[in-house]
Amino acid sequence: MTYKYQSYIDALLLEGCAMPELYMPDGKESYRFIFLNDETRNHLPVCIMNPKRQLPGSQKLAGYSLSCFADGDKAEEKYRTLQRSFKLISTAIGDGLAKGNLCNEDGAITKENEQTSHFELFEYTTCNLNKTFTLEKKLI
Amino acid sequence: MKQIHGIETMFDFNKLQKCSDLIWFDGPLLSHYMTESGDHYLYYWVESDEEYNRWMLVRTNIIAIKDYVQRRTTLRKLISAPEDGIVWVADVDDNLNFHHTTMLSIAALPEDYLPEENSYYDGECEDEFLTADTQSYSLFVPTKDKPLFSSIIERMGWKVGRVAVL
């Protein structure tokens, strides 16, 4: 299967970046931050969305994947932590928490962090999380 | 974007070399940069709109950064105590062009541009130097001896880039 942002990923691989170990999601329950009032900004990797949040030298493969959490409470905890350091974080990552199940046709995922439940999704070309993820909770 | 009141100015952002991202969530939020002469800067993300991401640039020092990463102090204290008493704010577009670069004092910043009082580090620091138990020293080395000094430091397994060679 081809990743949705394959050409960008290939360019970074050529520069020496290495893909992380990836697994099939097998229907994994997942949570993501979304923008409540602008669906067009949802489920876009940071290096694809406009404007891109980047700095000189900050290009990483993770810029073409989507942050997910396996645990909704831990996702909200992360949001609150980010809010303490970046009061306007909602303008960058959204103001709602959405829930959905990732199937093997959506893409491949990294290993889940045991403490935070965070993992990354590298989407396949046919993946469209706007169709499968629904609002679970408003965060603001 | 929030209105800020400072002095529009120029800043040579090209002189900054990236050391590491201190906080990354779907992209950088707080990143450590250095100049060739050993000055330490933090890019601190503050806000975004449809066109730009706004970043604050703060000159700080390595001890303050280590204290923050090792949770001895907060991001608010780190950001609020720049070496120069001032910060720069710039709007960065998709092509990494810097616009509206403005110099202003910490007191002139909107409250929303400062972290909360309990903003202790919660990232995954990729820079082992910042998390390791280390001691810093100030050394004065003649500029002409920088290559020799750097090679000695590297042979010891330490990082040259973390030492300001005057």
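Go through (1) surrounded by 17 or more Cβ atoms within 10 Å (Cβ to Cβ); (2) within 22 Å of B:Glu47 (Cβ to Cβ); (3) within 13 Å of chain B (Cβ to nearest Cβ) for A:Asn50 and report which single condition fails.
Against the list (1) surrounded by 17 or more Cβ atoms within 10 Å (Cβ to Cβ); (2) within 22 Å of B:Glu47 (Cβ to Cβ); (3) within 13 Å of chain B (Cβ to nearest Cβ), A:Asn50 comes up short only on (1).
Here is a list: A:Glu112, A:Glu105. Which entry is surrounded by 17 or more Cβ atoms within 10 Å (Cβ to Cβ), assigned to a loop (DSSP other than H, G, I, E, B) and out of contact with any Asp or Glu (no Cβ under 7 Å at 6 or more places or on another chain)?
A:Glu112
Looking only at residues that are free of Cβ contacts under 8 Å to residues at least 40 places away in the same chain and within 19 Å of B:Tyr44 (Cβ to Cβ) in segment A:64-87, which one is farthest from the other protein chains (Cβ to nearest Cβ)?
By that ranking, first place goes to A:Arg80.
Given (1) over 17 Å from A:Tyr23 (Cα atoms); (2) free of Cβ contacts under 8 Å to residues at least 60 places away in the same chain; (3) among the small types (Gly, Ala, Ser), identify the lone condition not met by A:Ala98.
Evaluating A:Ala98 over (1) over 17 Å from A:Tyr23 (Cα atoms); (2) free of Cβ contacts under 8 Å to residues at least 60 places away in the same chain; (3) among the small types (Gly, Ala, Ser) leaves (2) as the failure.
Working carefully through the options B:Leu75, B:Leu42, B:Leu22, find the one that is closer than 17 Å to B:Leu130 by Cα, of a type outside the set (Lys, Arg), within 15 Å of the chain's Cα centre (by Cα) and facing another protein chain (nearest Cβ under 7 Å).
B:Leu75
Are any residues in segment A:40-78 of a type in the set (A, V, I, L, M, F, W, C), in a helix (DSSP H, G or I) and over 19 Å from A:Leu13 (Cβ atoms), and if so, which ones?
Passing the criteria: only A:Ala75.
Quick one: which of B:Ile65, B:Ile106, B:Ile23 is in contact with a Leu (Cβ under 6 Å, 6 or more places away or on another chain) and either at pLDDT 95 or above or buried (at least 16 other Cβ atoms within 10 Å of the Cβ) (or both)?
B:Ile23
The values are calculated or read from the model by the stated rules, or taken from the named source; none is laboratory data. A quick note: this is a predicted structure, and the numbers were derived from the prediction, not measured. Counting neighbours? That spans all protein chains shown, and the Cβs are built from the backbone with ideal geometry, glycine included.
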